[in-house]
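Inspection log for the structure reproduced underneath, given as structure tokens.
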Amino acid sequence: MWEYFDFNTNTGVLSNAMSFPMTAHVYGMEFSPDASKVYVSTYDPFKTLVQYDVSSNNASLISVTEVSLSVTTDIYGLQLANDGKVYVCKSFSQYLGVVNSPNIAGAACNYQDLQINLDPSLMGITSALGLPGFPQNYFMPNSFTCPVVLGVNEIKVLDKPIVIYPNPSANDFNLIIEEPTTLKVYNYTGELIEFITIAKPRTISIGENYAAGIYFVKTESQGKTNTTKIIKK
């Protein structure tokens, strides 16, 4: 079974609960960038990756939109990425599956089962059960407040993305800034921990006093944004 709720972003209250029975255990779930589709991975050998259209917000209508995209076994974690695609973890496989157009209904979403080769040099590298985790609102361009829609396609990326090195780092991180920029650093829970305004091109350092963990550096310049994950060891 998988469940679907309305979420009030002002109060945090869940409502309008809907349950959808499955014939086998459900493992992973992920929304499309426009939040109109939900992707579900399941142990059912006849439909290991399933798409549902949830745009109607009506349980009866959602149920009839079920589309099986794969019968490949051992599909587990699903994750939306900042390129607008949904990546699919295939247990102990050297490949990741990819839903290339997740906003589109049915087979036209273009799921490819063996798209990303994790081990082109045949070093024995495989995925396992999931992909690196992060707050889902990492993809929102304007804030880290939980949105209603995951607007990946609304992000305007910087023409000159900020260069950050070393990453990971046990000390500080160097950032090469090439144009006037505002910089915000968030921790893994979405809390703003640093805000810097850079008026002219220069190299700055951040993170010397950060605790070990995952952080997100969001830079904005001339109405465009870029977000980079950094890891403090």
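Let's see how each residue does on (1) among the hydroxyl-bearing types (Ser, Thr, Tyr); (2) surrounded by fewer than 15 Cβ atoms within 10 Å (Cβ to Cβ):
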{"residue": "Glu208", "(1), (2)": "no, yes"}
{"residue": "Gly213", "(1), (2)": "no, yes"}
{"residue": "Thr228", "(1), (2)": "yes, no"}
{"residue": "Lys232", "(1), (2)": "no, no"}
Within segment 57-67, is even one residue within 18 Å of Gln112 (Cα to Cα) and within 17 Å of the chain's Cα centre (by Cα)?
no
Hey, among Lys156, Lys184, Lys160, which residue is charged (D, E, K, R), under 30 Å from Pro102 (Cβ atoms) and at pLDDT 90 or above?
Lys184
Can we say Asp34 is of a type in the set (D, E, K, R) and more than 15 Å from Val99 (Cβ to Cβ)?
no
Any residue that is under 21 Å from the mean Cα position of the chain (by Cα) and not hydrophobic (A, V, I, L, M, F, W, C) - is there at least one of those in segment 114-122?
yes
Can you find, within segment 84-138, the residue that is nearest to Asn187 (Cα to Cα) among those that are assigned to a helix (DSSP H, G or I) and in the same structural domain as Val54 (by TED's automatic domain parsing)?
Cys109
Here are some conditions: (1) closer than 16 Å to Ala35 by Cα; (2) free of Cβ contacts under 8 Å to residues at least 40 places away in the same chain; (3) in contact with a Gly (Cβ under 8 Å, 6 or more places away or on another chain). Ser101 meets all but one. Which one does it not meet?
(3)
Does Glu191 satisfy the condition of being among the charged types (D, E, K, R), loosely packed, with under 15 Cβ neighbours inside 10 Å and at pLDDT 90 or above?
no
Here are some residues: Ile231, Ile176, Ile214, Ile196. Which one is in a strand (DSSP E or B) and farther than 21 Å from Asn82 by Cβ?
Ile196
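The values are calculated or read from the model by the stated rules, or taken from the named source; none is laboratory data. In this text, all values refer to a predicted model and were calculated from it rather than measured experimentally. Positions of Cβ are backbone-derived with ideal geometry, glycine not excepted, and every protein chain shown enters the neighbour counts.
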